[in-house]
Amino acid sequence: MTEKSSSSAAEADGELASHQSTDSSSSSSSSSMTSVASKWLGLVSALWVQAISGNNYTFSNYSVELKAILDINQVQLNGLSSAKDVGKAFGVVAGVLCDYLPPWSILLIGSLEGMLGYGVQWLVISQKISPLPYWLMCIVMCMGGNSTTWMNTAVLVTCIRNFRGNRGPVSGILKAYVGLSTAIFTDLCTSLFTGDAATFVLMLALIPLGICFVAMFLLRPVETQADVDQDKQEARFFSVLDGIAIVLALYLLAYDLSGIDNELFSKIIAGGLCIILVAPLALPVYLHFKASPSKTEATLTEPLLKENGGEQVKKYLTRSDVEDLSGANGTEGGSSTKKKLGDDHTVLEALKSVDFWLLFFCFLCGVGTGMAVINNMGQIGESMGYSNVSVFVSLISIWGFFGRLGSGALSEFFIRWKALPRPVLLAASQLVMVIGYVLLAVAVPGSVYIGSIVVGICYGVRLAVSVPVASEMFGLKIFGLMYNLLILNLPLGSFLFSSLLSGILYDYEAAKDGSSTTCLGAHCYRSVFLVMASVSVVGFFLDSILTLRTRSLYRQIYIVKNSKS
């Protein structure tokens, strides 16, 4: 009787343990699905933040009015434009703090600073206050520019870490929405407020504040274990979001090209725009209510994110591959004390690396010159006799979107396909950029439209591809700071190519025409475009060198991405 009782008790205990195991497994699966849904919900909120954080690119929409109110010349106006870009230099602070503060606090700081910076600009443009001294306007512009670095740092660092197996697609779509933000702001303002400059700047002050407030509750780091099958599933989900983004871009493009000027139609367009912006929310909602969670497979931790610099994957490499990774590929002599590409670097280790400075100056040649075109598009169109310059601003924005979105996915495909380094796309875009500047210089009928599209696409490629390249070369440990060190090129490029080069040569051509402030004709910017075309040629050679130096790194990444779980 005692033996029977003991046996029954043992069976009961075993059955209880089985139920507990099943419950634990069910709880684990449920928790996993919740984490996945939370991760994608955070990405959607990040897309909304990026859709409104490109306000730095909208300067051309109100620069003409600002120039008239402040009664300044072109060099001074370009100085204000450079001041807003100098604000990005202080993004290094956001880069440092993002490793110590939660994303919501970084978003809060950026949105409040933006409200103050653009709010004061609105007071000046609406003439509710007297024009401020020039030096004070520079500070205000700088604050507005710096605000976006906090927003971009919060969303990029968090999402790259959350989706570390798909860095190209996540960078591409986030940067793509930044590229569309100019068109989104422009079209909303045009459709709702008939393009009033003062109202436009007020939108730049208030809308980011509201969007960031929502994102503060949704965007957070999500701990997920790297898994090859999961990465492939994520790639499919990214294709869904990419499809929605393309619909958004085509919608904006169709509105810009329609030329319809009707109040009711414009309000309908604005409503449709808001619906498309909310549409990506369907993906995390679907994942949250998904009936049967995806089976959890055995995981393969991504070696590039470990401090051992990818030791787990070296067994798949040939002897020459290992020698490349240990010596010629970014270690400057193969010293065992120096970090290799793919390792987590410290700031000093990265700054001592030849590869960092190659990437830095590659970025300057492409993004710096492109920034000059974006900042001066209002004056470029005006000098060539176009009354509606906003169409060129929208063209650069929308086609820049396609460059960002396409290059993120394409660079990922190239790696998985033939282990082609991402910098291949940087080199190709720099070469095509030369063609864009030449088209703008010759100024034949239609060339301004084509040149704007070409520059927009190539500028977008460089912004989207450089982000994952930096994370793969130097690791994710200090990625926020590395990203902000890289975008120091934006204020530097704006100062060199927009303020100095464009401003001085424009005023020189205006003086030849007998004016102190206005230049009309194709000759106004021809010399500027030819100089920037030459700089782009130099950038092409630098990108080519970077491509060669990162071949072994991307061969290693290729092996990881094509491994079986």
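The values are calculated or read from the model by the stated rules, or taken from the named source; none is laboratory data. Computed from a prediction, not measured in an experiment: that's the story for all the values here. In this analysis, Cβ positions are derived from the backbone assuming ideal geometry, glycine residues included, and neighbour counts consider all displayed protein chains.
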Inset, instruction - Quick one: in segment 369-387, of everything that is in contact with a Ser or Thr (Cβ under 6 Å, 6 or more places away or on another chain) and of a type in the set (A, V, I, L, M), which residue is modelled with the lowest pLDDT? - result: 377
Inset, instruction - Inspect segment 352-368 for any residue being in a loop (DSSP other than H, G, I, E, B) and at pLDDT below 85 and give the result as yes or no. - result: no
Inset, instruction - Being over 30 Å from residue 60 (Cβ atoms) and without any contact (Cβ under 8 Å) to a residue 24 or more places away in the chain narrows it down to one of 161, 220, 236, 167, so name that one. - result: 236
Inset, instruction - Please determine, by comparing only the residues of segment 99-137 that are modelled with pLDDT under 90 and either buried (at least 18 other Cβ atoms within 10 Å of the Cβ) or polar (S, T, N, Q) (or both), which one is nearest to residue 202 (Cα to Cα). - result: 126
Inset, instruction - Answer yes if at least one residue in segment 444-459 is among the polar types (S, T, N, Q) and either over 25 Å from residue 350 (Cα atoms) or not in a helix (DSSP H, G or I) (or both), and no otherwise. - result: yes
Inset, instruction - Quick one: which residue in 380, 396 is crowded, with 24+ Cβ neighbours inside 10 Å and under 20 Å from residue 180 (Cα atoms)? - result: 396
Inset, instruction - Check segment 422-443 and report whether any residue there is modelled with pLDDT of 90 or more, outside any helix (DSSP H, G or I), among the charged types (D, E, K, R) and surrounded by 20 or more Cβ atoms within 10 Å (Cβ to Cβ). - result: yes
Inset, instruction - Could you please find all residues in segment 474-530 being assigned to a helix (DSSP H, G or I), surrounded by fewer than 17 Cβ atoms within 10 Å (Cβ to Cβ) and not hydroxyl-bearing (Ser, Thr, Tyr)? - result: 500, 504, 511, 512, 523, 526, 530
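Each row is one residue, and each column tells you yes or no for (1) within 16 Å of the chain's Cα centre (by Cα); (2) at positive phi; (3) among the β-branched types (Val, Ile, Thr).
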residue	(1), (2), (3)
427	no, no, no
431	no, no, no
435	no, no, yes
443	no, yes, no
460	yes, no, no
464	yes, no, no
Inset, instruction - State the number of residues belonging to segment 121-160 that are touching a helix residue (DSSP H, G or I) at 6+ places or on another chain (Cβ under 6 Å), of a type in the set (Val, Ile, Thr) and farther than 30 Å from residue 465 by Cβ. - result: 3
Legend entry - Selected residue [in a helix (DSSP H, G or I), of a type in the set (S, T, N, Q) and more than 20 Å from residue 186 (Cα to Cα)] from 81, 105: 105
Inset, instruction - Name the one entry in 391, 373 that is over 19 Å from residue 171 (Cα atoms), among the β-branched types (Val, Ile, Thr) and surrounded by fewer than 20 Cβ atoms within 10 Å (Cβ to Cβ). - result: 391
Legend entry - Residues located in segment 538-565, provided they are buried (at least 21 other Cβ atoms within 10 Å of the Cβ) and not in a helix (DSSP H, G or I): 550
Legend entry - Members of segment 260-275 that are within 15 Å of residue 186 (Cβ to Cβ), more than 25 Å from the chain's Cα centre (by Cα) and either at pLDDT below 80 or not β-branched (Val, Ile, Thr) (or both): 261, 266
